[in-house]
Every structure is written in structure tokens, then in C-alpha cells.
Amino acid sequence: MLVSKLYAPTLREVPAEAEIPSHKLMLRAGYMRKSATGMYTFLPLAQRVLKKIEAIIREEMEAAGAQEILMPVLQPSELWKQSGRWDAYGGEMWRIKDRHGHDYCLGPTHEEMITFLAQMDVNSYRQLPLNLYQIQDKFRDERRPRFGLMRSREFIMKDGYSFDVDEAGLDKAYEKMYQAYTNIFQRCGLVFRPVEADSGAIGGNGSHEFMVLADSGEAEICYCTQCNYAADTEKAELHPLESAPEELKEKEKVATPDCKTIQAVCDYLKAPVEKSVKAVAYTSAKGLILCFVRGDHEVNETKVVNTVGVPEIEMAPAEELAAAGTHGGYMGPCGLDPKKVIIVCDATVMNMHNFCCGANEEGYHWINVNPGRDFTPTYVADIRLMQEGDPCPHCGGTIAKARGIEVGQIFKLRDKYSASMGATILDETGKSIPMQMGCYGIGVGRTMAAAVEQNNDKDGIIWPAQIAPYHVLIVPVNIKDDAIREKAFSVYEELTKAGLEVLLDDRDERPGVKFKDADLYGFPLRITIGKKTLDKGQIEVRTRKTGETVLLPADDFTGTVRDMLEALQK
């Protein structure tokens, strides 16, 4: 391919809307163009990357025994009503009507559709295990599409589903997909970490996310510095912290004027933050939820949702607090009517003694509050966010944090969909049982963007060689020079015949422009052909990742270039 024929219009200025490296660079380097908010057209270079990622996925899925299918994007509402998710999924679902007034959605995911398919044709344990997958566009009406491909409204996903007779079979399928995903992201040349995760709107229990580590990552992960434990912050489980025994004191209401933050209260009372309890209020489908954690801890909203059993929560307005008999900045668990408010206490709070908390009255707090004696919560659960330095829940080691980009997630759905949608089989005894299901997703476009987030510098993209759109870019310094032009095309033809993917910059542009574009594109190797080196019978090969250059004989270079490329793919 010649650069003069390549549709990859580069930009010198960073588009104002772009915030993170992948978004900026993929627009600047002519990999994609914005079509509408949260929607992008992939140009030839991006399409080559996507096809390479998809090829790796297909190879690993086939090796793991999965079969590829293709389901409709348009899904009838009846299937989602069967599973109970038509109303529960939320505002991200694109809902449409046909000319007859029938409800459909543009598939945000395909659990219902695949379960319906299996229910039609699979009826005996002899037909299992079964693992099916597809690679297809998905649609989610994001409230705030941002960060380019990281949070878009239309995106390419590989979604797969396994069906088994029992949980033992599901466990085997899950482990097989865990290993397949590990292979996929390794083969894509990414530095990643599988972490324990929350299942979210997909449902079921038992899940891992595959996180590409990058400072710009939207998600935060926790990991143990001494064992293999790692988890998404939303999922990270914490054992309750113990408090030293104390003699219980009498509860006392004290004035705390203008003390609306936990730090202000503790400073005023001259008490350590660890001896305080703070509150966060949410509104939900079940009413007002007041969550209480130790003063130096933070509430994990995902854990609250799972504990109370609501689809989503939002910060509660002042009028809802007043109706429940409390006041923002002075909320506490004592004396509230359980008919008006759901009280959720972190398990660590229940181990505390003589702590201070809001008195549900503006300007006042309680001191010497003790759980059990002074209040009884609706729920006691682990609802706090893991913090750096916390003890590991597995080995007691020290927890550290990093940022990551979720590129894949696997779930154990068990019978969440098969039971509600009648996807049953007859087991060996002739008994009808629901199939045990697993679900396995990869964001294909996200994987491409994550590769850029992890591999870039001030000059542009640095593609992992495994998924780079081209392996080699040939840059003739002066295309009008007959000797340089002839040698450039000769090198191009020889490397192409050797099976390498080569791009030749045949434009009549200044060398500086070509070199800037070469770095922006981010191909693994750049071969420069100039008069000085050619007069010495040499060509220059530069590695994009390291910036190192080597001079090779102009008539004996193919083997070395191939070896350099293979070294980059290891």
C-alpha cells in the first residue's frame, strides 16, 4: 500500500473534544472520525487493527471449542420481559417501535436472545456442553459518551455464552474462557491483569474483569503486594476491622455549630476521625437509604445496590432527608423511623465503640454512640471502598492500587436466564432442569483503544507489533531522486513477498513531515532510504518503541527485518 493512496487524513491540531491519548491520537492519525456523539467511523488503519484483534479472538475461541454464530441486533421486547430486564435495564437501552407498534431494542447485550435460541433446540444433557459466540455491534444510550471508544454509544463486542448441565460443567467452561481471554490479551501484546468484579446489570454471581493497566484508565483496581489477589474497587471485599475493647459510655448530644463535614466535627470535638461515623444518603426504588461508614472510609455504591437489592441509586435530595426526620451534614443512625428510611451500616461500624455521629438535627451530633444499644440497622454489610494500605482479604498483605481499562469480562450466570426463560434440558434421570450458563465479553474497539492508551508517547502511537495495522513503513527521503525511489520500491516488493505488511510513503513531502507522520501512525519499524546511506550501500531501520536504529546492507536486509519484528512480538 502506498501512503499517497491511503485514506488516513492526519490532523496537526488535537480536536477540542478529545481528552485521553487514544481519543486524541486515533483522530489525529486518521484512524477514525466522529460521526455523531459517541459514534465513530473506523478508517482503513483502524479497520486493519480491529480485524487483527478479531482474528486472534476467533483463533482462541475455536481452540477453546466455541462456535461462531451471528444473532440479530434488533431484539423483541417479549424476550426481555421474560427475563425481567425490559424495565430493569435502565435508560441505556435503545427502545424502538416498528410500524405495527411492537416494541424492540437495539441489543446492548444478547443474554435473552442466546437463551431463546438454546431453548428452541437444546433439550437433552447429551447436547451439552455448548459454547457459542459472535462479534457484533452493540448499542447503549450512554448518558455522557466520552473518552472516544472507551464510552461510546455504538461499539464492537465479542460476546459468548456457554451452556452446561451443572455447576461443575460451568466451572470448567469458565476456567477455559478465563485461559482463552488470558491468551487473547497476551497475543495482543497488552499488559493486563484479571481482577474479581461485580456482575452489574448482566446478573449472576462470579465474575472477572480483564484490565489493561494504564494511568489514564477509567477504573481503579486493588491488588495485593504479597499474593495474587486483585479486584475491581467496586467488587473488592473487605473483612470488618476490629476495635479495641472499651467501657461503654452514656450517649450524649452535643452542639457542633457549622460542622457539616466529618473532619470539621472531629476537629471541633478534638476526636480522631477513626472514632467517628459518617453518612451518605441515596434515593432508590425502595425509598431513602442512609449508609454509614467509619469517618475515614468511603461508601462503595455498587455494594450498597447489591445489599439493598435495587437496580440503581442516586444522591438523595434535601426534601427527602427532611421527610425522614434528618438533615444533610448531621445524619446519624439513632432514632430514625425504619418505615421511612433504610439504614445500611458497614460491618466495621458495628465493631466500633463510643463513636460520634450526626444527631439528625442541624448543629448537633451524638457522642459515645454504640451499635446494638443505641441503634439497629436494616442491613449490616461490607459497603466500603477498599483503600491503599488495607489488609488483603486473602492473605493479610498490603493492598495497593492501580488504574485500568476494562477490555473483557466473564460471568457465571448460572440459571438467571435459563430458569426464567424456560431453557431446560432433561438430565440423565429424565428430570427437567435449567441449563447452567456463562457469559463472556470482549470490547474489540476498547481493546484497540486500550492498546493506544498503554503504548504512546509525545509523538504518537506505538502499536504492539501483534496488532499493528502495518509492520513496516518505508520512508524514501526524496521520492524524486531516481535511485532512492527505485530502491524504496525494491525494498517494498521484497518485504511484501516475504510476508510482511508494508506501507511505502511515496508522497512528495519534506522528510520532516514524513517522519512526524510515521511516529504518529505508530508502526513497529520504519525503514529510511536516503542518499547518504544508500551511497554506502545501506538502509536505516528504526524501531518505533525504543527509537533504536540499525544500518543494514541494502541488498541483504529481509531476514534481519523479519527477526526484529519477531522479537517485538514476543
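The values are calculated or read from the model by the stated rules, or taken from the named source; none is laboratory data. Everything numeric in this text was worked out from a predicted model, so none of it was measured. Positions of Cβ are backbone-derived with ideal geometry, glycine not excepted, and every protein chain shown enters the neighbour counts. With ligands, DNA and RNA removed, areas are computed over all heavy atoms of the protein, side chains included. Shrake-Rupley method; radii C 1.70, N 1.55, O 1.52, S 1.80 Å.
Brief remarks follow.
- A simple spin-label model places pseudo-atoms 7 Å from Cα toward Cβ; at ASP215 and ARG485 they are separated by 4.5 nm.
- Shape of the range 167-320, Cα gyration tensor, a/c cut at 1.5: prolate
- Annotation: extensible slack from ALA16 through ARG143 equals 43.7 nm (criterion: 0.36 nm per residue apart, minus Cα-Cα distance).
- In the range 230-271, GluC sites (Glu not before Pro) in a DSSP loop with at most 10 other beta-carbon atoms within 10 Å: GLU242, GLU247, GLU250
- Greater than 28 Å apart at Cα, pairs in LYS97/LYS138; LYS497/LYS545; LYS51/LYS532: LYS51/LYS532
- Spatially close lysines, pair count over the range 297-425: Cα under 26 Å, gap of eight or more or interchain: 6
- Counted by Cβ distance under 13 Å from ILE425, the other residues give a net charge of -4, where Lys and Arg count +1 and Asp and Glu count -1.
- The range 453-481 and the range 48-89 have their alpha-carbon centroids 33 Å apart.
- Using a simple spin-label model with pseudo-atoms 7 Å out from Cα toward Cβ, GLU388 and GLU494 lie 5.2 nm apart.
- Relative contact order (percent, whole number), the range 1-147, Cα cutoff 8 Å, 6+ residue spacing: 23
- Centre-to-centre, using Cα atoms only, the range 242-297 and the range 147-171 are separated by 41 Å.
- Per residue value of the accessible surface for the chain (all protein chains in place, 1.4 Å probe), Å²: 45
- Rounded to the nearest 20, the Cβ-based charge dipole of the range 64-159 about its Cα centre (Lys and Arg +1, Asp and Glu -1) stands at 360 debye.
- Extent along principal axes [Cα atoms of the range 449-527; Å; largest to smallest]: 41, 29, 12
- Spatially, the range 511-570 and the range 315-367 are offset by 66 Å when compared through their Cα centroids.
- Degrees separating the helix 482-497 axis from the principal Cα axis of the chain, which is the longest one: 60
- The range 287-327 shape via C-alpha gyration tensor axes, a/c threshold 1.5: oblate
- About its Cα centre, the range 266-381 has a charge dipole of approximately 380 debye under the convention of +1 per Lys or Arg Cβ and -1 per Asp or Glu Cβ, with nothing else charged.
- FRET efficiency, 1/(1 + (r/R0)^6) with R0 30 Å, evaluated for LYS5 and LYS34 via beta carbons: 0.80
- Straight Cα distances below 21 angstrom link LYS270 to the lysines LYS249, LYS251, LYS253, LYS260, LYS278, with same-chain residues fewer than 8 positions distant left out.
- Angle in degrees between helix 511-521 and the longest Cα principal axis of the chain, rounded to the nearest 10: 40
- The chain: angle of helix 167-187 to the longest principal axis, Cα-based, in degrees nearest 10: 40
- Using bins of 5 Å that start at zero, the share of Cα-Cα pairs per bin across the range 76-142 amounts to 3, 14, 24, 20, 18, 11, 6, 3, 0, in whole %.
- Computed [θ] at 222 nm, helices only, for the chain once each DSSP H run of length n ≥ 4 contributes -39500 (n - 2.57): -7500 deg cm²/dmol
- Among the trypsin sites (Lys or Arg not before Pro) in the range 92-153, those located in a DSSP loop and surrounded by at most 15 other Cβ atoms within 10 Å of their own Cβ are ARG99, ARG143.
- Applying the criteria of a DSSP loop state and at most 14 other Cβ atoms within 10 Å to the GluC sites (Glu not before Pro) of the range 468-570 yields GLU548.
- Global geometry of the chain, whether rounded, prolate or oblate, following the gyration tensor of its Cα atoms and the 1.5 cut on a/c: prolate
- Residue (of TYR229, VAL502, PHE42) at the positive-pole extreme of the chain, dipole from beta-carbon charges: VAL502
- Over the chain, Cα pairs under 8 Å with separation of 6+ residues give a relative contact order of 17 percent.
- Dipole axis of the chain (+1 Lys, Arg; -1 Asp, Glu on Cβ), positive-most option in VAL277, THR560, GLY445: THR560
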